[in-house]
Amino acid sequence: MKTYALIGAAGYIAPRHMRAMADTGGKLAVAYDPNDSVGIIDSHFPDAGFFTEFELFDRHVDRLRRRGSKIDYVAICSPNYLHDAHCRFALRTGIDAICEKPLALTPQIIDELAEIERDTGRRISTILQLRLHPAIIALRERFAKSKKRHKVELTYITSRGRWYHTSWKGDEAKSGGVATNIGVHFFDMLSFVFGSASRNEAHLREPDRAAGSLECERADVSWFLSLDRNDLPDSIKGKNTTYRSITVDGEEVEFSEGFTDLHTRSYEEIIAGRGFGLDEVRPSIDIVSTFRNAPTIKSNGVHAFAQRAMHR
């Protein structure tokens, strides 16, 4: 049985980690969050310790270590800009880390984390759940040996309310912006299926939406991400709050199902020693970091959804 500590217990994604811990036969020993809306812990681990001050959490983890109560992993679900600091805490405490996406906001931070891995002998695994989705695995196998270039369009619209921009997620310095916060796992998926990106253009960069294009090894990609419900297709407005679509050479890739247990699958792989490490996460961080700092340019390849948004 694996034993866990959890940083960021009150966030949106933390329940998926708790469920993954429980589904894989694990135990949550202690959790930390500066906010105390963490009743979800009772659903899985009512005996877990909980702290709202990091220093007290740190002391408790140290006491567990000194008493011989080993913690195997620190699961990190904190705001994006704190991920690397909390990974450092785990590794320097002698514990492996499981970190939510994005692992870091810049490639430089990944280099620094690699040094700490070497210094401590501990490992950071990150959640790249789309690599475990059956439809995405099939897509990669289908195009792995393709000799032609493919045309890919990615559209992801997930409605968010006004709270989003009041929270840390609306602060680009803390979240990395829309492309990083809601798009990084899609960029990982694109590089996983079609190879690393050699060209990365920014066509639209706003607080609520982003669009650009990528030239991957085996595909030219046009993408659009949005938090604005007004960008939803008319056919689903008032019915659904999320729209995701990937087309390859005009053919829709069906992957709307199969998301619910991907964190559990991720934990299974990590426990088995097959987790995704720093080398796997680097391509997506390169993409979002380059996009964040690139000049916005006009192009004939602007995504159709982005064109409508720009002319609304």
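Among the residues of region 9-30, those that are buried (at least 20 other Cβ atoms within 10 Å of the Cβ) and either closer than 17 Å to Asp96 by Cβ or assigned by TED's automatic domain parsing to the domain that holds Ser167 (or both) comprise His17, Ala20, Met21, Gly26, Leu28, Ala29, Val30.
Answer yes or no: is there a residue in region 99-120 that is hydrophobic (A, V, I, L, M, F, W, C), at pLDDT below 95 and under 20 Å from Asn80 (Cβ atoms). No.
Just one residue in the set Leu103, Leu64 is surrounded by fewer than 21 Cβ atoms within 10 Å (Cβ to Cβ) and either touching a strand residue (DSSP E or B) at 6+ places or on another chain (Cβ under 9 Å) or part of a loop (DSSP other than H, G, I, E, B) (or both); that residue is Leu64.
Just one residue in the set Ser175, Ser198, Ser146 is of a type in the set (Gly, Ala, Ser) and modelled with pLDDT of 95 or more; that residue is Ser175. Looking across region 191-212, the residues that are part of a strand (DSSP E or B), surrounded by fewer than 23 Cβ atoms within 10 Å (Cβ to Cβ) and within 20 Å of the chain's Cα centre (by Cα) come down to Ala197, Asn200, Arg205, Arg209.
In this structure, is Arg59 closer than 30 Å to His165 by Cβ and part of a helix (DSSP H, G or I)?
no
When region 170-188 is filtered for residues that are touching a residue at least 60 places away in the same chain (Cβ under 8 Å) and not in a loop (DSSP other than H, G, I, E, B), the ones remaining, listed by number, are Glu172, Ala173, Lys174, Ser175, Ala179, Thr180, Asn181, Val184, His185, Phe187, Asp188. For region 1-32, the set of residues classified as touching a residue at least 40 places away in the same chain (Cβ under 8 Å) and touching a Ser or Thr at 6+ places or on another chain (Cβ under 8 Å) consists of Lys2, Thr3, Ile7, Gly8, Gly11, Arg19, Ala20, Asp23, Thr24, Gly26, Ala29, listed by residue number. Which residue, of Pro46, Pro34, is under 15 Å from Ala14 (Cβ atoms) and in a loop (DSSP other than H, G, I, E, B)? One residue alone meets the criteria, Pro34. Residues that are loosely packed, with under 14 Cβ neighbours inside 10 Å and charged (D, E, K, R): does region 37-48 have at least one? Within region 37-48 (the criterion being loosely packed, with under 14 Cβ neighbours inside 10 Å and charged (D, E, K, R)), the answer is yes, since at least one residue qualifies.
Being modelled with pLDDT of 95 or more, among the charged types (D, E, K, R) and not assigned by TED's automatic domain parsing to the domain that holds Met18 narrows it down to one residue among Arg229, Arg282; which is it?
Of Arg229, Arg282, the one residue that is modelled with pLDDT of 95 or more, among the charged types (D, E, K, R) and not assigned by TED's automatic domain parsing to the domain that holds Met18 is Arg282.
Residue by residue through region 126-151, note down the ones that are closer than 20 Å to Ile285 by Cα and among the aliphatic types (A, V, I, L, M). Matches in region 126-151: Ile127, Leu128, Leu130, Leu132, Ile136.
When Ile157, Ile76 are checked against the criterion of being farther than 24 Å from Ser266 by Cβ and surrounded by 19 or more Cβ atoms within 10 Å (Cβ to Cβ), a single residue qualifies: Ile157. Among the residues of this structure, Ala85 counts as one that is surrounded by fewer than 18 Cβ atoms within 10 Å (Cβ to Cβ) and out of contact with any His (no Cβ under 9 Å at 6 or more places or on another chain).
In region 195-211, the residues that are within 28 Å of Asp279 (Cα to Cα) and assigned by TED's automatic domain parsing to the domain that holds Ile137 reach residues that are among the acidic types (Asp, Glu) and outside any loop (DSSP other than H, G, I, E, B) with C-beta atoms within less than 6 angstrom, at least six apart or across chains, in these pairs: Ser198/Glu215; Arg199/Glu215. As a summary of the residue check, Ser222 satisfies the conditions (1) of a type in the set (S, T, N, Q); (2) buried (at least 20 other Cβ atoms within 10 Å of the Cβ); (3) within 17 Å of Ile13 (Cβ to Cβ) except for the one numbered (3). Here is the figure for region 213-223: residues that are of a type in the set (Asp, Glu) and assigned to a loop (DSSP other than H, G, I, E, B) total 1.
The values are calculated or read from the model by the stated rules, or taken from the named source; none is laboratory data. Note that the structure is a prediction, hence the values are computed from the model and not measured. Cβ coordinates were reconstructed from backbone atoms using ideal geometry, including for glycine residues, and neighbour counts include every protein chain displayed.
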